[in-house]
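First comes the structure, then the notes that go with it.
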Amino acid sequence: VEIVGLALTGQTFMLTFDVSNPNSFSLPISSVKYGVKLDDQPFASGSTSSKFSVPANGDAQFAISVDLNLLQSAPMLLALVRRSGNEEVPYELNGELDVDLPLVPTVPYSGRGSIRLGSLAR
């Protein structure tokens with residue numbers, strides 16, 4: 001997670017993902033749907049149509065740009081900072097990768113971890 005833009009009314013975060021493909025064929029991805037929770041509270045969601053490919057039996061990395069309206073997200077972020085201080089806050093990412101191949105279903109993904117809210121400003 002990295003802040004790439006900051007204005008009085010909003011922030012732009014870049015979420016970077018590592019993806020593994022255990023299949024013997026490459027997976028062309030046509031879009032990504034995502035949801036982000038901080039401390040079990042919905043924080044951001046959306047989709048992107050950035051195309052990329054995950055090689056057969058290989059790994060790839062992709063990034064999603066997430067725009068947040070500070071007027072809407074500030075109360076939640078302030079409450080988290082007050083509650084957690086400098087402690088780590090749990091996060092959860094989930095969504096789907098739309099594969100651009102016939103008869104191949106969407107591929108769900110999820111991940112969990114923790115982050116210090118102060119580290120987002122670095």
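The values are calculated or read from the model by the stated rules, or taken from the named source; none is laboratory data. In this text, all values refer to a predicted model and were calculated from it rather than measured experimentally. Here Cβ is always computed from backbone atoms with ideal geometry, including for glycine, and neighbour counts include all displayed protein chains.
Brief remarks follow.
- Residue count, the stretch 49-75 (criterion: farther than 30 Å from Val19 by Cα and at pLDDT 70 or above): 2
- Test: residue in the stretch 61-74 that is surrounded by fewer than 13 Cβ atoms within 10 Å (Cβ to Cβ), touching a residue at least 12 places away in the same chain (Cβ under 8 Å), among the acidic types (Asp, Glu) and part of a strand (DSSP E or B): yes
- Residue within the stretch 81-99 that is modelled with pLDDT of 85 or more, under 26 Å from Ser24 (Cα atoms) and among the charged types (D, E, K, R) present: yes
To keep it simple, each residue is scored yes or no on (1) in contact with a Lys or Arg (Cβ under 6 Å, 6 or more places away or on another chain); (2) surrounded by fewer than 13 Cβ atoms within 10 Å (Cβ to Cβ); (3) small (Gly, Ala, Ser); (4) more than 21 Å from Pro102 (Cα to Cα).
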{"position": "Gln11", "(1), (2), (3), (4)": "no, no, no, yes"}
{"position": "Met14", "(1), (2), (3), (4)": "no, no, no, yes"}
{"position": "Phe17", "(1), (2), (3), (4)": "no, no, no, yes"}
{"position": "Phe25", "(1), (2), (3), (4)": "no, yes, no, no"}
{"position": "Val32", "(1), (2), (3), (4)": "no, no, no, no"}
{"position": "Gly35", "(1), (2), (3), (4)": "no, no, yes, yes"}
{"position": "Asp40", "(1), (2), (3), (4)": "no, yes, no, yes"}
{"position": "Phe52", "(1), (2), (3), (4)": "no, no, no, no"}
{"position": "Asn57", "(1), (2), (3), (4)": "no, yes, no, no"}
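- Scanning the stretch 22-48 for residues that are among the small types (Gly, Ala, Ser) and modelled with pLDDT of 85 or more, we see that the one that is farthest from Arg112 (Cα to Cα) is Ser24.
- Scanning the stretch 39-55 for residues that are touching a Phe, Trp or Tyr at 6+ places or on another chain (Cβ under 9 Å), assigned to a strand (DSSP E or B) and more than 14 Å from Ser110 (Cα to Cα) gives Phe43, Ala44, Gly46, Ser47, Thr48, Phe52, Val54.
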